[in-house]
2 protein chains.
Amino acid sequence: MRISGKEKISKELTKMGNGVTKQIYNEENPNIEIPVRSLSNVEFDSETKTISLGEQISKRYLFNVAHAKKFMQTMMVASFCKELLDHEVHASIREAYYSLKRTIGDSNENTFDEQKESDPVIVDLEVMLGTLREQLHLNADRSGVAAGEVVIKDRDDTIDMSKLGSGGWSIPSNVEDIDFKKVDAKFVLVAEKNATFDRLNEDKFWKKHDCVLIGAHGQAARGTKRLIHRLHYEANLPVYVFTDADAYGYYIYSVIKSGSINLAHASDDFATPKAKFLGLTMNDIEKYGLQKYTIRANESDLKRTNELKKYPWFKAKEWQEELDLMIKRKIKAEQEALAARHLKFVSDTYLPEKIKNKEFLP
Amino acid sequence: MRISGKEKISKELTKMGNGVTKQIYNEENPNIEIPVRSLSNVEFDSETKTISLGEQISKRYLFNVAHAKKFMQTMMVASFCKELLDHEVHASIREAYYSLKRTIGDSNENTFDEQKESDPVIVDLEVMLGTLREQLHLNADRSGVAAGEVVIKDRDDTIDMSKLGSGGWSIPSNVEDIDFKKVDAKFVLVAEKNATFDRLNEDKFWKKHDCVLIGAHGQAARGTKRLIHRLHYEANLPVYVFTDADAYGYYIYSVIKSGSINLAHASDDFATPKAKFLGLTMNDIEKYGLQKYTIRANESDLKRTNELKKYPWFKAKEWQEELDLMIKRKIKAEQEALAARHLKFVSDTYLPEKIKNKEFLP
């Protein structure tokens, strides 16, 4: 079970510290248990349709030459997070690194030499505590933008996402503390590209079709995935994802839907397994007369498409057919290709038709 | 003189078309005049302190094997922009490419084969007409976020930038049509990194110090530069730029201040020559005790620093000293290094001190 809420997490951190203290008083070798995050412990759960972590656990000891530094680092990050929670502030993972970096005593040894040492320790802590980095008050870079028929409360502000002009709400890294005050939307539409977001926002697609529009800006950032997840589970909105017709776009969809290997421990919070893929598909190319606006798939595209074919989360018959078609035709197509029909074709015809006829891939 | 306003630009486009029609009726070789954008025609204007375009003009002819295709492409893009203006819609430069791509008659020749053919034609048009792509209703990708003591009107929405929670306003590609309704800010603070924006936004820096806070997310996008420019000129706000202490950060500053070679024709609209550099500087490292939190500059950093030294817009004594110091010490430092003091050090101490004491580089 996932833990959340500042007090609960703060308590868990204290418990972790107390556990180690107790081991010390008992003259045991201080140690902590961390679920294994290597590929051998990652599986696709065909029931929940998400990528998740298995049961393997490893122990990290203080008195073990191979573990000692990481043990110390884990304690330092845990203590830092406890302070963040107590003081009600957030830090970026880069700030966390700088905050914890120092030279130990008179040695030449640093606590952390590079951020690539602190980042995995943060994930360890996430997994150990069964919580999210965001709930430990650690943030990473943001990307993604939202607009539409939803009113949220964030900090002391009430934000009506239907009144943000051409800009929209810049989705922060951390959306744990926002509340949905009023949801007039019937679904969430996620667009891979911000240019598509701009098109649909200018055409007020979200107004005409009562939805929340999200621009993911490529691979969705954690804050964006978490917002989609929360809109689905807390506001009961179906989620439709709209990407380019290429391996990269399909993978972006799969991460929103099923999670990813790196975040296997957090799929319960980031994945939205009932999300549907709206397009572009290979069949759309004929159906919407885009034959002249495709791009030749190169070797690396085809290699990636073949990799997707092997992922358990692309095993559905419809996806295997789609990927086979792409390999056979050796083409890909972009969302913007729909502009070849006319600029508003995507808003006036393509999306409404697809949604009305429920022409989705699973 | 820069032209703006939909009707004016629409008229200019018509004039351009009429000019060509007239040449055709007069049985002249149809041609258009385009200011030269090559490096030979780019100069640093030491008076305005901006990078600008010289006086060289080239002619593009229809009946010239080397020009014919580009002539046609220029006409197509101009006609497309006229339609955008007439229908009051915007398009991304990628949508523009797809909208104009087609096979000519029974030939195997396409109007455009790749976006890298249409993009420079768009710039040609910008330069020819003395206007901005944005005012031709063409947009590119967005990045950047804003929050603070300013209320804007955008489309039909009134947006109070002090009430956007942890997210902020996602700065669109095109800020031509926004109006500043109420400005309670005393200055604009531009931060290179969104993580710094998040820190300052959480600490409500913009509230305590009455400012507009902008997160540039690295090299500022056109919309972000234009928003900074407009806040400076229309709302009379001084602009302070806060980047990492490295060649990349200093260059980000110089582009905001003086423009860039690629956009030399548009410096009047994008550059903000009175912008000041707030930090980080090499001297800050000692002054604020960050010696242990610097990063070793590698060969490519030093090469870039040496390049900056030669740019006319880095010729001020203070900058030459700063760059020399960087080369001598072979180090760089990040904004987040200030977190090594304590998390809110940047908001509570560093920025207020720098601003109060006017410790800026020119």
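Points worth noting:
- Between B:Q219 and A:N18, the modelled label-to-label distance comes to 5.4 nm, taking each label 7 Å out from Cα in the direction of the beta carbon.
- Alpha carbon centroid spacing (whole Å) that separates the stretch A:299-362 from the stretch A:38-82: 36 Å
- Amide N of the stretch A:222-264 lying under 20 Å from the label point, which is placed 7 angstrom from the Cα of A:D210 along Cα→Cβ: A:231-241
- Mean separation of Cα pairs under 8 Å and 6 or more residues apart, divided by the residue count, gives the stretch A:6-139 a relative contact order of 26 percent.
- Phi-based couplings in Hz for the stretch A:244-252 (Karplus 6.51, -1.76, 1.60; Gly and Pro marked x): 5, 8, 7, 4, 5, x, 5, 5, 3
- Sites A:F180 and A:S40 - FRET efficiency at Förster radius 30 Å, r taken between beta-carbons, to 0.05: 0.20
- Proximal lysines relative to A:K257, as straight alpha-carbon distance under 18 Å, when same-chain residues fewer than 8 apart are discounted: A:K49, A:K193, A:K225, A:K274, A:K276, A:K309, A:K310, A:K315, A:K317, A:K358
- For the stretch A:31-99, applying the loop criterion from DSSP together with a ceiling of 16 other beta carbons within 10 Å to the GluC sites (Glu not before Pro) yields A:E47, A:E55, A:E88.
- Taking the DSSP bridge list for the protein assembly as shown and keeping only pairs wholly inside it, about 65 percent are antiparallel.
- Pairs of Cα atoms nearer than 8 Å and 6+ residues apart set the relative contact order; for chain B it is 14 percent.
- Closest approach of a chain B Cβ to the axis relating B and A (residue, whole Å): B:S170, 2.
- What the Cβ-Cβ distance of A:E299 and B:D106 gives, at R0 = 45 Å and to the nearest 0.05, is a FRET efficiency of 0.85.
- The stretch B:296-362: relative contact order as a whole-number percent, Cα under 8 Å and 6+ apart: 33 percent
- Highest GNM mean-square fluctuation among A:A297, A:A66, A:A266, for chain A modelled with Cα contacts below 10 Å: A:A66.
No lab work stands behind these numbers, since they all come straight from the coordinates. Since the structure is predicted, the reported quantities are computational estimates derived from the model, not experimental observations. Here Cβ is always computed from backbone atoms with ideal geometry, including for glycine, and neighbour counts include all displayed protein chains.
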